[in-house]
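This report refers to the structure that appears directly beneath it.
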Amino acid sequence: MWLLLPILLYSVIFLAVRHIYSHWRRKGFPSERAGISWSFLHQAYRREFRHVDAICEAYQTGRERLLGIYCFFRPVLIVRNVALAQTMLQQSNGHFSDLKWDYVKGYRRFNLLEKLSPIFATKRLAEMFGHVQRVGDHLISHLLDLEQAQGGALEVDLQQMLRVYAINIIGSLIYGLDVNNFEQKDHILSSYVSRSAGNASSQSFTLSRLPQKSSFTYRLRDLIKQAVEHREEHGLIRKDILQLLIRFRNGNDVGGEKWQVDMKNEEDKLLSIKRVAKVAEDLLKVSLDSVSSNITLTLFEILQEPLIVEKLQAEIKELATENNVLKFEALEGLKYMDMCLKETVRKYPPLPIIERICRKSYTLPNTKFTIDEGITLMVPLLAIHRDEKYFSEPLKYKPLRFLHAEKSDECQSNAFIGFGIGGAQCVGQNFARMVIKVALIKLLQNFHLELDAARAENIEISHQPAPFIRTKDGLKVRLKRREIKSKFYN
Ligand code: HEM
């Protein structure tokens with residue numbers, strides 16, 4: 001009797017696990033052989049399991065456009081073909097819509113992200129440009145001070161510096177603060193950067209799996225509460241993202257030209273302060289690492305290719321200025337820099353995987369395959385961007401592959417999906433480009449940057465801790481002041 005019980009229990013567990021792991025075979029989808037090995041359990045227990053690498057490895061097996069895999073006990077479908085991913089995410093009438101930004105107010109239901117996207121329109125960004133330049137100047141003065149203090153020979157971890165630059169941008173534009181975290185090290189935003197630089201609290205591999213709250217949520221909410229109440233009470237205007245969030249909260253449109261807030265009664269406001277704080281924290285989470293990693297990894301690549309640096313410096317030298325001051329509109333002229341940024345996103349997408357849940361069952365056009373409601377779909381950007389089928393010599397850094405991409409053999413133009421696909425594309429991409437360009441312009445104008453070749457070879461770049469990409473031990477770069485006269489300040 002006592003012997004029968006464990007045998008029975010073992011048999012039930014065995015059959016249940018076997019049933020789960022036969023999901024894709026039963027549904028007729030091509031799938032990987034699945035099982036739980038001791039080494040997998042050991043890695044999972046020690047939090048060493050590399051989800052992103054495992055998913056990319058699965059992408060490389062087989063030839064089918066779809067592949068069924070299992071994330072622990074969850075059946076997941078990997079889309080291995082860009083055209084198919086586009087069909088499914090773009091044209092499938094809500095079968096794969098992301099509900100994360102759905103918002104209900106009274107009888108109204110809307111997608112908050114869609115409503116807020118005009119915040120990042122070119123006209124709005126142009127007016128925020130002054131703040132971005134100021135934050136860029138803080139980065140340069142900090143480096144110059146360090147250089148002076150060390151008597152001219154300066155070596156810094158640029159990854160860490162650029163994370164502070166990114167948090168200063170976020171502090172200035174999203175939280176509406178004139179804070180310089182290079183100097184004010186005890187500020188909550190400084191603590192946010194230092195804490196998240198170590199082991200991130202999450203081991204997720206997509207944005208939708210980031211934890212909703214962190215230990216900083218309440219302190220960040222206090223920042224927003226103070227700023228919103230202060231501006232609403234005194235009718236203050238500061239041309240930043242927070243101002244537009246306050247306009248939206250008061251039912252004013254965010255796309256036009258006005259910055260002033262036409263106040264609504266408390267009960268008629270569209271967003272509570274708590275909700276504004278949640279939007280701000282979400283923006284912080286998606287922008288901090290994506291922006292800082294893009295600048296860091298662009299520098300990592302170009303500093304190994306002196307010709308690229310020369311081309312960028314020549315392009316920067318030709319930038320149009322007004323009264324010696326860089327204008328927002330001039331950034332458009334940096335075509336080569338644009339290709340570099342795109343190439344960095346291709347080779348090192350900050351977000352390696354796009355994930356969607358199937359909301360209502362979907363039959364793939366002209367096939368017998370039906371994806372059931374509740375099934376998770378993953379588009380592995382990282383693996384697609386490093387697939388020879390789409391990009392020739394994918395591990396080489398070649399910005400010019402995007403020049404006339406449609407005609408070039410170097411890449412299939414639609415295979416670049418670093419900012420997402422279809423309606424749910426990254427709303428902040430223009431903002432990201434502006435912020436990244438300002439940092440690169442200022443660094444390349446003011447310094448000769450040098451990366452030790454031997455060290456560069458050993459730099460480990462990974463999505464660990466996931467989801468964002470970074471170098472394991474920072475990016476140590478030697479800086480020396482450039483003595484050239486620039487056409488504009490800093
Ligand atoms: C190089 C920089 C960046 C890259 C490569 C990037 C890429 C992406 C990608 C791939 C997605 C997912 C799209 C999808 O699910 O279909 C995304 C979503 C998003 N991005 Fe970006 N992004 C960058 C910077 C930024 C910045 C600076 C902001 C805002 C200030 C921003 C705001 C957002 C938001 C709000 C979402 C939606 C998030 C969600 O649904 O959870 N991004 N981005």
In this structure, is residue 327 within 16 Å of the ligand (Cβ to nearest atom) and closer than 27 Å to residue 245 by Cβ? no
What is the number of the single condition among (1) over 24 Å from the mean Cα position of the chain (by Cα); (2) crowded, with 18+ Cβ neighbours inside 10 Å that residue 64 does not meet? (2)
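Would you tally the residues in the stretch 288-321 being in a helix (DSSP H, G or I) and open to solvent by 20 Å² or more (accessible area, probe 1.4 Å)? Full working, then the answer.
Let us first name the residues in the stretch 288-321 that are in a helix (DSSP H, G or I), namely 288-302, 306-317.
If we keep only those that are open to solvent by 20 Å² or more (accessible area, probe 1.4 Å) as well, we get 290, 306-307, 309-311, 313-315, 317.
Looking only at that region, the number is 10.
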Which residue is surrounded by the most Cβ atoms within 10 Å (Cβ to Cβ), if the candidates are limited to the stretch 11-28 and must be at pLDDT below 85 and hydroxyl-bearing (Ser, Thr, Tyr)? 21
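Does the stretch 104-136 hold any residues that are outside any helix (DSSP H, G or I) and open to solvent by less than 30 Å² (accessible area, probe 1.4 Å), and which are they? Please lay out each step first, then the result.
Taking the stretch 104-136 first, the residues outside any helix (DSSP H, G or I) are 104-111, 121.
Result: 110, single match.
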With (1) within 16 Å of the ligand (Cβ to nearest atom); (2) closer than 21 Å to residue 315 by Cβ; (3) part of a loop (DSSP other than H, G, I, E, B); (4) of a type outside the set (Lys, Arg) as the list, and residue 434 as the residue in question, which single condition is left unmet? (3)
All but one of (1) modelled with pLDDT under 90; (2) assigned to a helix (DSSP H, G or I); (3) touching a helix residue (DSSP H, G or I) at 6+ places or on another chain (Cβ under 9 Å) hold for residue 185, so report the exception by its number. (2)
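Please verify whether the stretch 442-460 includes one or more residues that are hydrophobic (A, V, I, L, M, F, W, C) and either farther than 21 Å from residue 309 by Cα or in contact with a Gly (Cβ under 8 Å, 6 or more places away or on another chain) (or both). Can you show your working first?
If we filter the stretch 442-460 for residues that are hydrophobic (A, V, I, L, M, F, W, C), which is where we start, we get 443-444, 447, 449, 451, 453-454, 456, 459.
With the extra rule that they be either farther than 21 Å from residue 309 by Cα or in contact with a Gly (Cβ under 8 Å, 6 or more places away or on another chain) (or both), the set shrinks to none.
No, every residue in the stretch 442-460 fails to be hydrophobic (A, V, I, L, M, F, W, C) and either farther than 21 Å from residue 309 by Cα or in contact with a Gly (Cβ under 8 Å, 6 or more places away or on another chain) (or both).
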Report, by residue number, each residue of the stretch 413-431 that is open to solvent by 20 Å² or more (accessible area, probe 1.4 Å), more than 7 Å from the ligand (Cβ to nearest atom) and not in a helix (DSSP H, G or I). 416
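Of all residues in the stretch 142-153 being in contact (Cβ under 8 Å) with a residue 12 or more places away in the chain and part of a helix (DSSP H, G or I), which is surrounded by the fewest Cβ atoms within 10 Å (Cβ to Cβ)? Before the answer, list the steps.
Of the stretch 142-153, the ones in contact (Cβ under 8 Å) with a residue 12 or more places away in the chain are 142-144, 147, 152-153.
Next, from what is left, pick out any that are part of a helix (DSSP H, G or I): 142-144, 147.
Values: 142: 19, 143: 21, 144: 16, 147: 18.
Looking at the filtered set, the residue picked out is 144.
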Taking residue 392 as meeting all but one of (1) within 19 Å of residue 418 (Cβ to Cβ); (2) within 16 Å of the ligand (Cβ to nearest atom); (3) polar (S, T, N, Q), write down the number of the exception. (2)
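Here's a check for you: in the stretch 189-210, which residue that is at pLDDT 80 or above and open to solvent by less than 20 Å² (accessible area, probe 1.4 Å) is farthest from the ligand (Cβ to nearest atom)?
We begin by selecting, within the stretch 189-210, every residue at pLDDT 80 or above; these are 189-194.
Now drop any that are not open to solvent by less than 20 Å² (accessible area, probe 1.4 Å), which leaves 189-190, 193.
Numbers: 189: 15, 190: 19, 193: 15 Å.
Going through the qualifying residues, I end up with 190.
Can you confirm whether residue 156 is more than 16 Å from the ligand (Cβ to nearest atom), open to solvent by less than 30 Å² (accessible area, probe 1.4 Å), in contact with a helix residue (DSSP H, G or I) (Cβ under 7 Å, 6 or more places away or on another chain) and over 21 Å from residue 296 (Cα atoms)?
Working: more than 16 Å from the ligand (Cβ to nearest atom): yes; open to solvent by less than 30 Å² (accessible area, probe 1.4 Å): yes; in contact with a helix residue (DSSP H, G or I) (Cβ under 7 Å, 6 or more places away or on another chain): yes; over 21 Å from residue 296 (Cα atoms): no.
It is false that residue 156 is more than 16 Å from the ligand (Cβ to nearest atom), open to solvent by less than 30 Å² (accessible area, probe 1.4 Å), in contact with a helix residue (DSSP H, G or I) (Cβ under 7 Å, 6 or more places away or on another chain) and over 21 Å from residue 296 (Cα atoms).
Just to be sure I understand, how many residues within the stretch 325-356 are assigned to a strand (DSSP E or B) and crowded, with 16+ Cβ neighbours inside 10 Å? Break it down into steps so the answer makes sense when it comes.
In the first step, residues of the stretch 325-356 are kept if they are assigned to a strand (DSSP E or B); the result is 325-326, 354-356.
From what's left, crowded, with 16+ Cβ neighbours inside 10 Å: 326, 354-356.
Matching residues across the stretch 325-356 total 4.
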Kindly indicate the residue of the stretch 393-406 that is open to solvent by 30 Å² or more (accessible area, probe 1.4 Å) and within 22 Å of residue 302 (Cα to Cα) and also modelled with the lowest pLDDT among those meeting that condition. 404
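Conditions tested, residue by residue: (1) of a type in the set (Phe, Trp, Tyr); (2) under 26 Å from the mean Cα position of the chain (by Cα).
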site	(1), (2)
129	yes, yes
144	no, no
154	no, no
171	no, yes
187	no, yes
Hey, any hits in the stretch 375-394 for a residue that's touching a residue at least 60 places away in the same chain (Cβ under 8 Å), touching a Pro at 6+ places or on another chain (Cβ under 6 Å), in a helix (DSSP H, G or I) and under 21 Å from residue 82 (Cβ atoms)? yes
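Filter the stretch 71-103 down to the residues that are assigned to a strand (DSSP E or B) and over 23 Å from the mean Cα position of the chain (by Cα) and list them by number.
Of all residues in the stretch 71-103, those assigned to a strand (DSSP E or B) come to 71, 74-79, 102-103.
Answer for the stretch 71-103, where residues must be assigned to a strand (DSSP E or B) and over 23 Å from the mean Cα position of the chain (by Cα): 74, 75.
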Which numbered condition residue 267 misses (of (1) modelled with pLDDT of 95 or more; (2) part of a helix (DSSP H, G or I); (3) more than 30 Å from residue 459 (Cα to Cα)): (1)
Mind listing whichever residues of the stretch 437-475 are touching a strand residue (DSSP E or B) at 6+ places or on another chain (Cβ under 6 Å) and either within 17 Å of residue 143 (Cα to Cα) or within 13 Å of the ligand (Cβ to nearest atom) (or both)? 447, 448, 449, 450, 451, 474
Going by the structure shown, is residue 373 under 28 Å from residue 282 (Cα atoms), surrounded by fewer than 14 Cβ atoms within 10 Å (Cβ to Cβ), more than 16 Å from the ligand (Cβ to nearest atom) and not small (Gly, Ala, Ser)? yes
Selection over the stretch 80-102 where residues are within 12 Å of the ligand (Cβ to nearest atom) and among the aliphatic types (A, V, I, L, M) yields a count of 4
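The values are calculated or read from the model by the stated rules, or taken from the named source; none is laboratory data. Predicted model only: the values in this text are computed from it and were never measured. Cβ coordinates were reconstructed from backbone atoms using ideal geometry, including for glycine residues, and neighbour counts include every protein chain displayed. Accessible surface is based on the protein model in full, side chains and every heavy atom, while ligands, DNA and RNA are left aside. Shrake-Rupley method; radii C 1.70, N 1.55, O 1.52, S 1.80 Å.
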